[in-house]
Each structure stands twice: as structure tokens, then as C-alpha cells.
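Undergrad: Quick one: the structure is below, and I'll ask about it shortly.
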2 protein chains.
Amino acid sequence: MRRTDPLLMEVARGDREADKVLRGGRVINVFTRSIDEADVAIVGDRIAGIGRYDGAEIFELDGAFIAPGFIDAHMHVESTMLPPSGFAELALPHGTTAAIFDPHEIANVLGIPGIRLLLQDAADVPLDCFFAASSCVPASPLETSGAVLGVEALKELLNEPDIIALAEMMNYPGVVHGDGEVLQKVAAGLAHGVVDGHCPELTGAPLQAYVAAGISSDHESTRPEEAMEKLAAGLWLYIREGSAARNLEALLPVVSPENAHRICFCTDDRHPADLRDQGHIDHVVRKAIGLGLDPVLAICMASLHPAVHFRLPDHGAIAAGRFANLVVFDDLKEPSPRETWHHGTRVTDWAAPRPGTDWSSARGTVHLPPELNERSFRMEGHSGTARVIGLVTGELVTEDLRREAPVDNGLVIADPDRDLLKIAVIERHGHGGDIGLGLVEGFGLRGGAIASTVGHDAHNLAVVGDNDGDMLIAAKALGEVGGGQCVVAQGEVLAVLPLPIAGLMSDELPERVIEQQRALLAAAASLGCSHGDPFMPLSFLPLSVIPHLKVSDQGIVDVDRFQIVDLLVSD
Amino acid sequence: MRRTDPLLMEVARGDREADKVLRGGRVINVFTRSIDEADVAIVGDRIAGIGRYDGAEIFELDGAFIAPGFIDAHMHVESTMLPPSGFAELALPHGTTAAIFDPHEIANVLGIPGIRLLLQDAADVPLDCFFAASSCVPASPLETSGAVLGVEALKELLNEPDIIALAEMMNYPGVVHGDGEVLQKVAAGLAHGVVDGHCPELTGAPLQAYVAAGISSDHESTRPEEAMEKLAAGLWLYIREGSAARNLEALLPVVSPENAHRICFCTDDRHPADLRDQGHIDHVVRKAIGLGLDPVLAICMASLHPAVHFRLPDHGAIAAGRFANLVVFDDLKEPSPRETWHHGTRVTDWAAPRPGTDWSSARGTVHLPPELNERSFRMEGHSGTARVIGLVTGELVTEDLRREAPVDNGLVIADPDRDLLKIAVIERHGHGGDIGLGLVEGFGLRGGAIASTVGHDAHNLAVVGDNDGDMLIAAKALGEVGGGQCVVAQGEVLAVLPLPIAGLMSDELPERVIEQQRALLAAAASLGCSHGDPFMPLSFLPLSVIPHLKVSDQGIVDVDRFQIVDLLVSD
């Protein structure tokens, strides 16, 4: 919240020297969408004034551009496999100074205590981490999560000062049909702030119903017509460009000076190597400019607009009284931050102090059934037609395929020659140890297994392989390291990326995590995996709210009928 | 605050008939700044959806335009001489469905109880009346007000649900120089919402200091350069076009599609006859369009933009879930509302129920000194040079003139041949009955006096005349009716406009008040007044914070030196 500090006014009016002055820069003005040549005077963590100023420390910018620090309107920090402090290490060099996190993944594993750990880790990070209360934990009754967030839990969260919104209300059918508990969650969110949305392909009257509930944003648009309809209906449009889903190119034609005041950027999910190598919101800004968007407008969408939407008057602009969250860069056509300032301090190369947060209460979250053995992966069955999950390259949606079941000795088995592999999803929260089993086509691996405790949204342990022995070894390997991702071939663990924080994140140095992931992907490729990152589809196969065929710890899920179905289709 | 109502969703998604449907209109979309052909479905007080809908009642629009109801971002409702209910009677036919009132005038007379009376009167009016807590009561220590609002009083007010902002912080020197109490008031406002500004001609470093305090708007710009600098500094620009001050034509060149998202309209002060005959915000919209502004952009500035600034998510747009506050008109080039809808009901011709609010506690606020007589107006003095207040046509600023004092028998007297009249400001709140006396040039009246208990901002009784007898009669006439405005000639009261509510407003029918005011102005004209409305300058002559020479109950005020000065200039 904005303060009123007499010292700030003293410096602003010129009666006292500033602490620091960024001199001679070209300041991006997001209010007027123009560029002003001016100094930026800083006192403490705030901007005192824009104009001509003297300061104890002068930073000559020699005509470089200064923009407000970038804001990610919506992301799951767990997707970076790092907690907020680790994320910040990678994001600060890219000019990100604020983000709105939906801590949805850790909430599914650990509930409110998990969210509080992220809040605690974020507290001393030089990047303003705002949180939204995760609205749909679990995402569906067809999977077993580690925790449940009901209406009262959400109310408790929404009372926290750093929790500024109800996070993406993914249960859009529930909203549209006026489900009582869902509407109570929305009402709780509205009582405290903004309620973010998530309504892929929702259109016409159902979209009107979703907006009528009070939900005010969406980041799931993939087509221009969809985005235009949502904007017109009153939803803020977040254009998503992350690692998993990339919608910028498709949606950019929608943006105009007339409607940009309602448009932000977000990444949703961002993998650590992409974050380091390509960037974060700066990458989206550069790409948008490359695709033809006016650079100043792109920066407005990356700064002021999310600050307006989330009612953050201290953020989003270079203006007196706001936090001195700034990005300095040289080329307006391709803004590559050379300096990032947070609360008046240069933090471009910030490194988190170590040891940092005590994560002990988030460790040991992988509780495999004690009796887990090779037989646990057996699927009994005789010849016939099987339901097979068909991967679709680059999408989370799967196909609901029919294939002749590969059967051996009364068991349905994998058939790598036809790229038919077995998949198991093992409940890992100590809530019964159920195992769902099925067949999947499209991974292309042979002679091994891959496994992951990142398995949206309940984050059970998902393992895919062509033989039960390697699948068991993979699952147990993750049990031993407390979660993560691994590759097993012919009885041997080839690579492990440990993610001991809730089975989702690592407290290793970000560089180390990126290296571990690189080795992991190389090992997966050695099995012949046809995907650059097979853990991406693997981690979304348990998500029982994305069409069409999925598998959870409860079994094979026909998402369209929203029920558990048998492996074999009865004739 | 936005509700979540299952019924609304049922209608929105098409499973239930709407209560009312406005069919076949052209809907102004303020998000995308475009026009969509669609039905607007209403349930209760809300919009259920935009699209194709059926309803129990169908209102065929046959291609008429529908815009969101207009919002006045800043006005003093007392300037209409009517309480909120009376104001609404005149404003609703003009499409106003919400206004942010600064109840500054009644606050100076009656303090918090006065504000509460306005809140009470506004509560059942079919026009959403939001209030801002008046930040500067009194406006200056050089005048005696009826009440004082300190920091604690403002905090109390800001806790009221309908009080959504701290009203215009007029003490901009206090802000810029970091005055402790002033900053405490700003801080109290920021803790609850928006802090509106008022900083005429503030520029450069002092403007940066004003913004640094957290103040986020200004409505005092008169020049394009001034408006551009304030926008760039981060202040929302309210373009004011009222009865007293009219800045639209000067400021319109500033507006562009790039910066309009930060611009609103306001009237500040609006006289009842102007309100009825010319209009309210609709008048500003029409005038802006006539001056070349895009009609849809003009409507955005009259609806969505103030709703965004004041964080009113139920207002400012035709969108599902928001209040059904609508304006229907036929000509986009000249939007003249033919229907106004408030909370789902057509209220174009609404009349306040009578009797309405019980104003008894706001009556009897004119406490003239018991000993008031002709001698009270005497100014002793011998020949010499006198300070004379010089009126400037159409402005609140006055000139600090020097004239040879008209002296008779040891008294400084009026000299109507030189248009030098006497002015007296009589403390009328029962706080001592001080009388300030001076000379004024520019009224042009002869053979009488005019008086008013509307006397910004302390609202003492101001009387101007060429003889003490008529001045006394005028003052006493207002004392008898409990406040108002009157004209006296040669011992006879020619006309009285009674304003018995705090000496500022009338609870008569608006038409009656307009008629009384017409008769009053005709009577003033019969005295030879050279101003169309001499009560306009009269009511601002006591305002000790507007340059250059003024008069309060404390005496003649040299505003530039901010002190009381003598009538006669010592040689």
C-alpha cells in the first residue's frame, strides 16, 4: 500500500539530494505511452520524482531506456522447479520485478502449510511475489490429492496480506451451472479482491454466465476470436506465452491501442532452462515486438496493466511514490534488460542467501504403497479392444484411441513396436496408495521407464514404461529422493532430477537444477523418446479435467463423460 | 461489491428467461471501444448477459445505442442547491447513474453529521451516490467554518462503506512541503482507497512531490501542457466542465486513444438550471464529440474510466454481472439520453418521494450576531489608497487592486459611480460572529445589496452592496429563512432563494428552486449587475485559498502572502 513519506517529498521537490539518481535515461511512460528524457530519483525503496535531480549516487544511463519492472500476471512458480527464491535468481536478470503466483501445485500436495512455506520463502526475495489463493484443490474428484482447500480454507488464505486474488477458477462448468460451493469460493475471492479465471473455449451464453459470477480475467484463449469475445465480455485478457502453452503469435493480432488497456502478459508455466536462456516476461515482450507490436505498448502490457488489474498502485509505472522497480535496456526494438532494480536496489545478479528457507516440513511427501512391487503394474485382460491415451504433440489435450490390446498370458502388456506403453499413476500422499493403470501411445521409448512426481494437479507419481521391472525401479527411485523425475533403462537408473520440496521443487542452485534436467532429458532421449521433453506430457496425463482420455490414481478417466472407465472396451 | 448469484448465471447461460431484455440495441463496448449489436438481459438489478436473450419484458430498441450510465468523477452536490435526491431528479434524465460527491460544503457547516445526512438522503436514490471524505475542512485558518474535520474524523468517515476516497486534497502546498497533519490525512485515505487531488498549476518538482504522496488525480488543469504533465506524472486527469469552471475545450486536444485510459470527466460544480437545461455528464460528452472527440472514447471517459479509478467493478460497463445502469440514445454524434436505467429499472422520469429526508437537524444554521446593525458594516478610515478586490469575469481568481478610498465623514464608503461596493463576510456558525469588511470592484450594482450564505468554503454570510441599510436587510433576510441568497433594493427584499439545508441546499422541488433562482437573478439584474450570475463571484469571494485578494470573516485576505491585511495601504 502506498505510503506517505515526508522524506520522499523533500527529495521530490528538490530540497534534498536523492539517494540514487538514474541520469539521462529515456523513460517509458506507461500512462501516456510515450518516452520522456528524464532522471529518475530514488529514495529508499521508492521513486521520489522524474525530472532533473541530484543524488548521492549517480548512475549515468547515456540514453538507455528505463521501463517499469515486468510483471507476470499469472504463473505457477512450481513450474520452474524452484521455490520463489530460486525463481527470482533466474528471473531478475530478465527484468521481472513482480509476479502473481498461483501456488496451486504445492497446495495439492501440502495444502495451506505448503502455501505458507512459499510465502515465507518469497518474503525476503527482491522480487515482489504476490499470491493468489488456489481455487480448485483438488482439480477434480476423479483423482486423490494430498490436500483439499475448501471455502473456509480459502477465506483464511484470502485474509493474508500478500494474497491478493482468488486464483484461476478452473471449474468453469461449476461456475456456469451455479454450483453452490464453487460460487461460495468466488464470493470469498470477490470479498477480498480479484477473481482470476480459466475458461478455455468458453463462448456465448456460458461465457456470459462465467463473467456474471464476477470473474474478471482469463489466460486460456488460443484463438483471436475467442480472445476478442472474452475481452468484449469484460474479461481481462492475459496473453500466455510460457514453456508448456504458447499463445502469443495466435493472439497478438487482437491487440490494439484501443483495447490494450485490458491486456496483460503471463507465462503460466515456465521451465528453468527456458527461464534462464530465453527469458521470462522480457522474452514475451521481445517476441511481441518482433511480431509487430509497438514496443511501448508491449511494455505497458507487461507492467501497468497487471498493476491496474490487481489494484497494485505501488507497481507498474515509473512514477513518484511507486516502488523503484525498474528495467534498463539499450534497444527499444529488442529490450534485453542489462539492469534490474527492485525497491531502489540493483538486483540484476542477485543470488539467494544459502541456507535459505527451511524446507524440512515439505520433504518426504512421496509415500509409496509399502507393498509396491512388479505385480502392482499388472493389468489382467484377454484379447480385445483397449482404450489408449494418444499424445498430441505440443498440446495437453489427448486422444481417446482404440487399439487391439497387446495381451500375453492373460495380461495386457506394453508393445513398444506399436509404441503402446504402460502408464501407472500411483497415489503418493499416503491416502490409500491406489494405482491407476492404462496404455499410452506417442512416447516412443523402448527398454525402460520414465517417472515423475510432478503430475498435475494432484501430483501423484506417474510412470510410463515398456516393462514392469523398470517401472517399479523408477517409482522407487523417486520414493528414495522424495520426489522428482527419473529415467530407468534395463534395471538401471540413468538419471534423476530430485525435486524434494513437495516432490515439485528443488532447493539446489538453479544452475544445478537446469543441469540435472538437461541430463534427465538426455537420458530420456537415449531411450528413443520422440518428445523433446517427455516429462511435459507425462506430467499432464493425470490431469482429469483436460480432454479426452487421462489416467489418475483412480483409473482411466474418460474426461468427456467425466468418469472412470475400463481399459478394455466391451463389445 | 460484486455478488455471485446463481439466478444470474441461470439467465446468462440461457436456462431461464430474463426479467427484462433490451432487444436490438447497439451496445457501446467500453472495453474494446467498439459497438456490438446485441440484446442486454437483466435480472433484478444486474446485467445477466449480452447476446441473444428472451425475457418476461422485452424493450425493443430498434437500433438505438446503449451506453453504460454516466459517472461524474467529482462533484459537490451542494452546488446544485439540492440534496442528492433533488440532484438525481435533474440528473437522471441526462443519463447519470453514479457520481462521486465531495460533501465539502455541508462538511464546513455541519461536519460529520451533515455528511451523514447526505448519505442518508442518497441511500434510496436510484443513482449510485459515492462519497469522498472531505480532506480540507476548513480550507484555511484564515476563515471560520462551522466544523473542523481532523485526521480522526476522516478515519471515521473512511470506514463508511459508501465513502470510497479521500476528497480533493486542496492543501497542495501542505502536501508538497510534507506537513505532518496533511500527510496523515493522505495516509488515512490511502489506507481505504483513492486519494483525489487538486493542484492548480502545480508543475515540475513540486508536482512530483504531490504525486509522491500517493495522490492519484487532479481536476484543476486549465492548460493542455499542464494536463499532459500531470498525466505523465501519473495523475488521473479529470477534465472538468461544470457551471463555474469549464476546461473541456482547452483540454480536449490532450486526449488520445493512447492516454484516454487515464482520463475521466467531472463537473465539480453544476447549477440546477444548467443541469436541467444543458445536462450533466451527457452535456460534456456531447460537447466533446462536437469538438471532435470520438463518441465511443468520450463515453468510455464518462463510464469505465472513473469506475476503474475508483475501483468500482460493478459500474462503468455493459457487462454480465455489473449493475444494469444504462443510457439509451439515438444519435451517436449527439448522445441525448431518451432512457436512463438504474439497477435494472427505468428511472428517466424518477421523482423523489415527498416528504423525503428529515432535514430538521440541518436547518437553522444561520446564527447572525445578535447585535448586528447598520454600524456593523462601518469601515473607519481617512483618505488614502485602499485595497480593492477586483472581479475577473468567469474566473475565481481576483485582482488585488489599489484605488483611492471613497471616504465620507471618517468612514470608507461605497462609490457605485466607480463601481466600488462594500463587501461584508459575517461569521454565521455561532463561533463569535466576526465580520470582515472590504471593497470590491466589478459587480456593477447600484441602490441595493445581494447576499448569500453560500460562501466557499466556510460558507459564512457574504453581502455586497452600496449602502449599509440594504446590506443589513439582506443579511437579516437570509437569517430569517435559515440561509440562501437574496437581493435587496432601497429597503425592500426583491427576491429570496431560500436554502434552508445548512444554508446551502433546498428541499423544495427542483423546478421550484430553479424558478426561485431565476427570479433572484432577474432581481439582481434589475440592480444593474454586470454579471449574469453575481452570486457566483460572490460565493467565491470568501475563499481564502484562491489568489489574489479575498475577504473572510477574519478580514481582507492577501492570499499570496496568506495573511489578513488592512483595507488602507499605509504610505
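Undergrad: Can you say whether residue A:154 is within 14 Å of chain B (Cβ to nearest Cβ) and in a strand (DSSP E or B), as far as the supplied structure shows?
TA: On the way: within 14 Å of chain B (Cβ to nearest Cβ): yes; in a strand (DSSP E or B): no.
So residue A:154 does not fit the description; no.
Undergrad: Select, from A:60, A:105, the only residue that is at pLDDT 95 or above, more than 12 Å from the chain's Cα centre (by Cα) and of a type in the set (D, E, K, R). Step through it out loud before you land on a result.
TA: Values: A:105 fails: more than 12 Å from the chain's Cα centre (by Cα).
Within the list A:60, A:105, the selection yields A:60.
Undergrad: Being without any contact (Cβ under 8 Å) to a residue 24 or more places away in the chain and either touching a Cys at 6+ places or on another chain (Cβ under 8 Å) or not polar (S, T, N, Q) (or both) is the requirement here; does residue A:137 meet it? Explain how you work it out, then say what you get.
TA: Working: without any contact (Cβ under 8 Å) to a residue 24 or more places away in the chain: no; either touching a Cys at 6+ places or on another chain (Cβ under 8 Å) or not polar (S, T, N, Q) (or both): yes.
So residue A:137 does not fit the description; no.
Undergrad: Considering each residue of segment B:474-491, count those that are in contact (Cβ under 8 Å) with a residue 12 or more places away in the chain and surrounded by fewer than 24 Cβ atoms within 10 Å (Cβ to Cβ), and give that number.
TA: So the answer is 8.
Undergrad: If you don't mind, another one. Among (1) modelled with pLDDT of 95 or more; (2) closer than 28 Å to residue A:236 by Cβ; (3) crowded, with 20+ Cβ neighbours inside 10 Å, where does residue A:35 come up short?
TA: (3)
Undergrad: Here's a follow-up. Would you please name the residue that is farthest from residue B:438 (Cα to Cα), looking only at residues in segment B:468-484 that are assigned to a helix (DSSP H, G or I) and either in contact with a Gly (Cβ under 8 Å, 6 or more places away or on another chain) or among the β-branched types (Val, Ile, Thr) (or both)?
TA: Only one residue tops the list, namely B:481.
Undergrad: Working carefully through the options B:553, B:558, B:533, find the one that is out of contact with any His (no Cβ under 8 Å at 6 or more places or on another chain) and touching a residue at least 60 places away in the same chain (Cβ under 8 Å).
TA: Step by step, each of B:553, B:558, B:533 is checked, and only B:553 is out of contact with any His (no Cβ under 8 Å at 6 or more places or on another chain) and touching a residue at least 60 places away in the same chain (Cβ under 8 Å).
Undergrad: For residues that are surrounded by fewer than 22 Cβ atoms within 10 Å (Cβ to Cβ) and in a loop (DSSP other than H, G, I, E, B), tally how many sit in segment B:113-135.
TA: Of the residues in segment B:113-135, 2 are surrounded by fewer than 22 Cβ atoms within 10 Å (Cβ to Cβ) and in a loop (DSSP other than H, G, I, E, B).
Undergrad: Here's another thing I want to ask about it. Test of understanding: among B:539, B:544, which residue is in a helix (DSSP H, G or I) and among the small types (Gly, Ala, Ser)?
TA: Just one listed residue meets the conditions, B:539.
Undergrad: Looking at (1) crowded, with 20+ Cβ neighbours inside 10 Å; (2) on the phi > 0 side of the Ramachandran plot; (3) among the charged types (D, E, K, R), which one does residue B:62 not meet, given that it meets all the others?
TA: (1)
Undergrad: Among B:565, B:496, B:569, B:559, which is the only one that is within 26 Å of the chain's Cα centre (by Cα) and more than 26 Å from residue B:370 (Cβ to Cβ)?
TA: Residue meeting the stated conditions: B:559.
Undergrad: Considering only segment B:304-344, state which residues are farther than 29 Å from residue B:193 by Cα and not small (Gly, Ala, Ser).
TA: Of everything in segment B:304-344, those that are farther than 29 Å from residue B:193 by Cα and not small (Gly, Ala, Ser) turn out to be B:328, B:329, B:330, B:331, B:332, B:333, B:334, B:335, B:337, B:338, B:339.
Undergrad: Considering only segment B:5-19, state which residues are part of a loop (DSSP other than H, G, I, E, B) and at the interface with another protein chain (Cβ under 7 Å from one of its Cβ atoms). Working first, answer last.
TA: Applying the first criterion (part of a loop (DSSP other than H, G, I, E, B)) to segment B:5-19 yields B:5, B:13-17.
Listed by number, the residues that qualify are B:13, B:14.
Undergrad: Look through segment A:38-48, keep the residues that are at negative phi and in contact (Cβ under 8 Å) with a residue 24 or more places away in the chain, and return whichever of them is surrounded by the fewest Cβ atoms within 10 Å (Cβ to Cβ).
TA: Restricting to residues being at negative phi and in contact (Cβ under 8 Å) with a residue 24 or more places away in the chain, the top hit is A:45.
Undergrad: For residue B:287, only one of the following conditions fails: (1) buried (at least 21 other Cβ atoms within 10 Å of the Cβ); (2) under 20 Å from the mean Cα position of the chain (by Cα); (3) over 30 Å from residue A:46 (Cα atoms). What is its number?
TA: (1)
Undergrad: Identify the residue in segment A:409-458 that is part of a loop (DSSP other than H, G, I, E, B) and among the polar types (S, T, N, Q) and, among all such residues, is nearest to residue A:244 (Cα to Cα).
TA: It comes out as A:453.
Undergrad: What do you reckon, is residue A:42 in contact with an Asp or Glu (Cβ under 9 Å, 6 or more places away or on another chain) and away from chain B (no Cβ under 11 Å)?
TA: yes
Undergrad: Okay, moving on. Confirm whether residue A:255 is under 24 Å from the mean Cα position of the chain (by Cα), facing chain B (nearest Cβ under 9 Å) and farther than 21 Å from residue B:309 by Cα. First the steps, then the outcome.
TA: On the way: under 24 Å from the mean Cα position of the chain (by Cα): yes; facing chain B (nearest Cβ under 9 Å): no; farther than 21 Å from residue B:309 by Cα: yes.
No; evaluated as a whole, the condition is false for this residue.
Undergrad: Now, a different point. Look at residue B:275 and say whether it is more than 14 Å from chain A (Cβ to nearest Cβ), under 18 Å from the mean Cα position of the chain (by Cα) and of a type in the set (A, V, I, L, M, F, W, C).
TA: Judged against the criteria, residue B:275 is a match.
Undergrad: Quick one: is residue A:232 in contact with a strand residue (DSSP E or B) (Cβ under 8 Å, 6 or more places away or on another chain) and over 26 Å from residue A:284 (Cα atoms)?
TA: Spelling it out, it is not the case that residue A:232 is in contact with a strand residue (DSSP E or B) (Cβ under 8 Å, 6 or more places away or on another chain) and over 26 Å from residue A:284 (Cα atoms).
Undergrad: Something else about it: Kindly evaluate residue B:167 against the criterion of being closer than 29 Å to residue B:305 by Cα, in contact (Cβ under 8 Å) with a residue 24 or more places away in the chain and small (Gly, Ala, Ser).
TA: It is true that residue B:167 is closer than 29 Å to residue B:305 by Cα, in contact (Cβ under 8 Å) with a residue 24 or more places away in the chain and small (Gly, Ala, Ser).
Residue by residue, here is whether (1) modelled with pLDDT of 95 or more; (2) in contact with a Leu (Cβ under 7 Å, 6 or more places away or on another chain); (3) in a loop (DSSP other than H, G, I, E, B) holds:
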| position | (1), (2), (3) |
| --- | --- |
| A:497 | yes, yes, no |
| A:519 | yes, no, no |
| A:522 | yes, no, no |
| A:533 | no, yes, yes |
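Undergrad: Can you tell me how many residues in segment A:241-252 are of a type outside the set (S, T, N, Q) and either free of Cβ contacts under 8 Å to residues at least 40 places away in the same chain or within 7 Å of chain B (Cβ to nearest Cβ) (or both)?
TA: 3
Undergrad: Among the listed residues B:240, B:276, identify the single one that is closer than 30 Å to residue B:497 by Cβ and either in a helix (DSSP H, G or I) or of a type in the set (A, V, I, L, M) (or both).
TA: That would be B:276, the only listed residue that is closer than 30 Å to residue B:497 by Cβ and either in a helix (DSSP H, G or I) or of a type in the set (A, V, I, L, M) (or both).
Undergrad: Go through (1) within 8 Å of chain B (Cβ to nearest Cβ); (2) surrounded by fewer than 23 Cβ atoms within 10 Å (Cβ to Cβ) for residue A:24 and report which single condition fails.
TA: It is condition (1) that residue A:24 fails.
Undergrad: Restricting attention to helices (runs of 4 or more DSSP H) lying wholly within segment A:158-232, give those where 3 or more residues are at the interface with another protein chain (Cβ under 7 Å from one of its Cβ atoms) and over 30 Å from residue A:118 (Cα atoms).
TA: Helices (runs of 4 or more DSSP H) meeting the threshold: A:204-212.
Undergrad: Let me ask something additional. Output the number of the condition that residue B:85 fails; it satisfies all remaining conditions of (1) surrounded by fewer than 24 Cβ atoms within 10 Å (Cβ to Cβ); (2) away from chain A (no Cβ under 14 Å); (3) polar (S, T, N, Q).
TA: Result: residue B:85 fails condition (1) only.
The values are calculated or read from the model by the stated rules, or taken from the named source; none is laboratory data. Quick caveat: nothing in here was measured; it's all calculated off a predicted structure. Using ideal geometry, Cβ is built from the backbone for each residue, glycine included, and neighbour counts are taken over all protein chains shown.
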